[in-house]
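Just below is one structure, and these are the notes that go with it.
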Amino acid sequence: MKKSLLPLQETGGRTEKKICGKEALVKLLRWHFGHADFRGKQLEAIEAVLSGRDCFCLMPTGGGKSICYQIPALTKKTGIVLVICPLIALMENQVGALKEKGIAAEYLSSTQTSNVKNKIHEDLGSGKPSLRLLYVTPELIATSGFMSKLTKIYDRGLLNLVAIDEAHCISTWGHDFRPSYRKLSSLRSLLPAVPILALTATAVPKVQKDVIESLCLQNPLVLKSSFNRPNIYYEVRYKDLLDDAYNDLSNLLKSSGDVCAIVYCLERTTCDDLSGHLSKNGISCAAYHAGLNDKLRSSVLENWISSKIQVVVATVAFGYGIDRKDVRIVCHFNIPKSMEAFYQESGRAGRDQLLSRSLLYYGIDDRKRMEFILRNAGSKKSQTSNIQGGLSKKSLTDFHQMVEYCEGSGCRRKKILESFGEQVSASLCRKSCDACKHPSQVAKYLEELTATCVVQQKANSSRIFISSTFDTIDEKTSSEYWNREDEESGSEEDISDSDDGAEAVKSLAMSKLPKKSGLNEKMEFLQRAEENYYKNKSSDKQVNKSDKHALSNALREASKQRLQNALKQAQQRLGETKLEVETSAIFLENECYNKYGKSGKSFYYSQVASAVRWLSTTTSTELANRLSTNASISSENVSLEAEHLTTASSMAEQESTGNTPEDLQCSIGSETTTSASPMENASSPSSRLPSIPSFSEFINSKKVKDNESKTLQKKSPNRVEKNVEKKMRLL
Ligand SMILES: Nc1ncnc2c1ncn2[C@@H]1O[C@H](COP(=O)(O)OP(=O)(O)OP(=O)(O)O)[C@@H](O)[C@H]1O
Ligand SMILES: [Mg+2]
């Protein structure tokens, strides 16, 4: 229902000091927005801009920054408030919500028909616009056409306030620098009589100063609130310790009920893949990324906002300022690039102030991949300018704060707040993060993670997962970090956040490639870059010389164990189906090895993961079909095949590693010994399948074997344990 505007006393221009008292403002808030009272620093911000003063307002995510310019728009009978927003999705969302409340608001963007745009311009030029709020992108502000229209409105005294949302985008030191925001620097001098309100949730002290200076705010009122989000529980899960992160997330979402969630992924392909997996498991969800067409994106957004779907699996293109209050879980399926980005994204949870959850899946491969992206972005940029070079160093420093968040055992909340310059004690957390609530469990995970890293480092070459990032690149399925051509048309329609790192990596690659290079060339180039990088970095030259494609017995054995667990779960789920679990696991593992064993760890590993996923949803018939070949093979045949493959793999491994004693220690023994032991355990009636495979058990058994054979170890196991007590920077 359309509400009439509350009658308020007429006000004068910018110079008038006091427009209306608190009571009248609260009335407006209740009438139009239904909120009982102002929250935090809202009232102070509103009073400042109504008195004509510039204001810099730092409020946490979901703190209610929009009210700070929406209420002022309703206090005057004539004139508009201009709101500058970085994203069209954000404008659409806010304008839609305001219209529903009966408030005259519009936005200008090329997604609108010229008919709509003409009507808006007509209204603005009418001398008495009916509009209260006009939302625009910074790109539009930069056009001379729009600027001359705005100046006319200003000259007629019809521009009451300029609000700059997500103002940290102006700072090159911020996590979301947008060059188009730089153009806003001239607003202060072009519109001297209009107050400017800069709003942000994420600005470290350096960025705050930069924003105020860049916008040339004059004697601004600086309002800062704590960044703490007491209603969010923070948690990290370790991908390297999980059987299958897809399943883990799926189970978590299912056990949380039909809650609203956002899952952030680095790449578009992961969004599609993960969303497909969750849907198969009965979770109402959809993917959202810049690779989808506008129509599809809008419908996903619409369905999510109207609760038709509950979970969106998205790249960072999703959610900037999108206001669905009841988001209960924000999950980062890949590590974000900085604490600021993490805070901004996780802060989309619990805007209704109710208990919510931030969940981050941390994987060593993800970390290496992000480091690679940022480092290369940096090296390219440092060639072009000193500022950019400095930026890249900053990107890495920022990222390592994020790594610290995941790899440290201390309070997560404290780490977040400290990264924004707030000194707090851990007691503030009130056990609302995993590290405070379950300190010994977190310490145990970190210990296992360290052990896993040591094993992986020994068992494999330093090859990182990044190759698999690029093996899937094509025109449609790429990372927001990679394929940004569709967003770089220079138009105001950028739906994704701008990412310098990504663009630099891209230009790094492109600069050395003929313009029309195909996918293969791109991949080759990136792989070469990656290899060179790690060659220079690695201290173990021996490893670099090795055949990076060889798979260790340890990895194959762990995969068999994983498949065996998945088969057991499938058996439980399917009830009557009878399976030869051990034999089937060997069969499936061999299948993965045959297909991808020679292509490298990443390909092989993802094939195993895909088999595990398939097992979690497959039907009895599908299972029987796939394993029917297996059934016809006697277990003897399978063992023979396995033995043959393992021998081949061991030979390749020994050859590749130069067969040093140290390399041999990485192997977990002969096929017979290793395959028997875990299977015995798994088949024991008393054994319960752990959701996280215990790598420490694996390490301990290896230690026993190693001691028996009296082989000298270079790294004592005790050292690993000692290291865990400290904060860790994993290899
Ligand atoms: N005074 C208030 N009382 C109760 N709820 C409020 C109040 N002010 C704002 N809200 C609600 O808080 C939620 C978040 O508001 P808003 O979108 O303005 O936050 P924000 O600070 O802009 O967050 P972000 O940084 O994520 O953009 C909205 O649902 C809004 O209706
Ligand atoms: Mg906002």
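The values are calculated or read from the model by the stated rules, or taken from the named source; none is laboratory data. Nothing here was measured: the structure is a model prediction, and the numbers come from that model. Note that each Cβ is placed from the backbone with ideal geometry, even for glycine, and that neighbours are counted across all protein chains shown. The accessibility values were calculated without ligands, DNA or RNA, using every heavy atom of the protein model including side chains. Shrake-Rupley method; radii C 1.70, N 1.55, O 1.52, S 1.80 Å.
Starting from the range 26-39, keep only residues that are within 9 Å of ligand 1 (Cβ to nearest atom) and outside any helix (DSSP H, G or I), then list their pairs with residues that are open to solvent by 80 Å² or more (accessible area, probe 1.4 Å) and modelled with pLDDT of 95 or more whose Cβ atoms are within a distance under 7 Å, requiring at least 6 positions of separation or different chains.
Close Cβ pairs satisfying both conditions: 36/30.
Can you tell me which residue among 409, 379, 462 is modelled with pLDDT under 85, more than 19 Å from the chain's Cα centre (by Cα) and not in a helix (DSSP H, G or I)?
Among 409, 379, 462, only 462 is modelled with pLDDT under 85, more than 19 Å from the chain's Cα centre (by Cα) and not in a helix (DSSP H, G or I).
Can you name the number of the only condition in (1) open to solvent by 40 Å² or more (accessible area, probe 1.4 Å); (2) more than 16 Å from ligand 1 (Cβ to nearest atom) that residue 131 fails?
The failed condition is (1).
Tell me, which residue of the range 579-611 that is open to solvent by 30 Å² or more (accessible area, probe 1.4 Å) and closer than 22 Å to residue 452 by Cα is modelled with the highest pLDDT?
This residue is 607.
Quick grid of which residues meet (1) within 15 Å of residue 628 (Cα to Cα); (2) open to solvent by less than 20 Å² (accessible area, probe 1.4 Å); (3) at pLDDT 85 or above:
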| residue | (1), (2), (3) |
| --- | --- |
| 554 | no, yes, no |
| 558 | no, no, no |
| 562 | no, no, no |
| 577 | yes, no, no |
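With the structure loaded, tell me whether residue 326 is in contact (Cβ under 8 Å) with a residue 60 or more places away in the chain, away from ligand 1 (no atom under 16 Å from the Cβ) and either within 26 Å of residue 429 (Cβ to Cβ) or surrounded by fewer than 22 Cβ atoms within 10 Å (Cβ to Cβ) (or both) or whether it fails that test.
Values: in contact (Cβ under 8 Å) with a residue 60 or more places away in the chain: yes; away from ligand 1 (no atom under 16 Å from the Cβ): no; either within 26 Å of residue 429 (Cβ to Cβ) or surrounded by fewer than 22 Cβ atoms within 10 Å (Cβ to Cβ) (or both): yes.
Spelling it out, it is not the case that residue 326 is in contact (Cβ under 8 Å) with a residue 60 or more places away in the chain, away from ligand 1 (no atom under 16 Å from the Cβ) and either within 26 Å of residue 429 (Cβ to Cβ) or surrounded by fewer than 22 Cβ atoms within 10 Å (Cβ to Cβ) (or both).
Can you name every residue in the range 9-31 that is of a type in the set (D, E, K, R), exposed (fewer than 13 other Cβ atoms within 10 Å of the Cβ) and at pLDDT below 75?
10, 16, 17, 18
Output the residues belonging to the range 189-230 that are aliphatic (A, V, I, L, M), within 16 Å of ligand 1 (Cβ to nearest atom) and touching a Pro at 6+ places or on another chain (Cβ under 7 Å). Quick ask: steps written out before the conclusion?
Of all residues in the range 189-230, those aliphatic (A, V, I, L, M) come to 190-191, 193-194, 196-199, 201, 203-204, 207, 211-212, 215, 217, 221-223.
Adding the requirement that they be within 16 Å of ligand 1 (Cβ to nearest atom) leaves 197-199, 201, 203-204, 207, 211, 223.
Within the range 189-230, 201 is the sole residue that qualifies.
Return the residues of the range 40-59 that are part of a loop (DSSP other than H, G, I, E, B) and among the aromatic types (Phe, Trp, Tyr); say none if nothing qualifies.
Within the range 40-59, no residue meets the criteria.
Among the residues of the range 301-316, are any in a helix (DSSP H, G or I), among the hydrophobic types (A, V, I, L, M, F, W, C) and either surrounded by 24 or more Cβ atoms within 10 Å (Cβ to Cβ) or in contact with an Asp or Glu (Cβ under 6 Å, 6 or more places away or on another chain) (or both)?
Yes, some residue in the range 301-316 is in a helix (DSSP H, G or I), among the hydrophobic types (A, V, I, L, M, F, W, C) and either surrounded by 24 or more Cβ atoms within 10 Å (Cβ to Cβ) or in contact with an Asp or Glu (Cβ under 6 Å, 6 or more places away or on another chain) (or both).
For the range 170-198, what are the residues that are within 16 Å of ligand 2 (Cβ to nearest atom), under 22 Å from residue 398 (Cβ atoms) and not β-branched (Val, Ile, Thr)?
174, 175, 176, 178, 181, 198 - these are the residues of the range 170-198 that are within 16 Å of ligand 2 (Cβ to nearest atom), under 22 Å from residue 398 (Cβ atoms) and not β-branched (Val, Ile, Thr).
Name the pairs: first residue in the range 77-103 and away from ligand 2 (no atom under 12 Å from the Cβ), second residue assigned to a helix (DSSP H, G or I) and of a type in the set (Ser, Thr, Tyr), Cβ to Cβ under 7 Å, at least 6 apart or on different chains?
Filtered contacts from the range 77-103: 81/69.
Quickly run through the range 49-88 and pick out the residues that are surrounded by fewer than 21 Cβ atoms within 10 Å (Cβ to Cβ), more than 9 Å from ligand 1 (Cβ to nearest atom) and either under 23 Å from the mean Cα position of the chain (by Cα) or under 23 Å from residue 181 (Cα atoms) (or both).
52, 53
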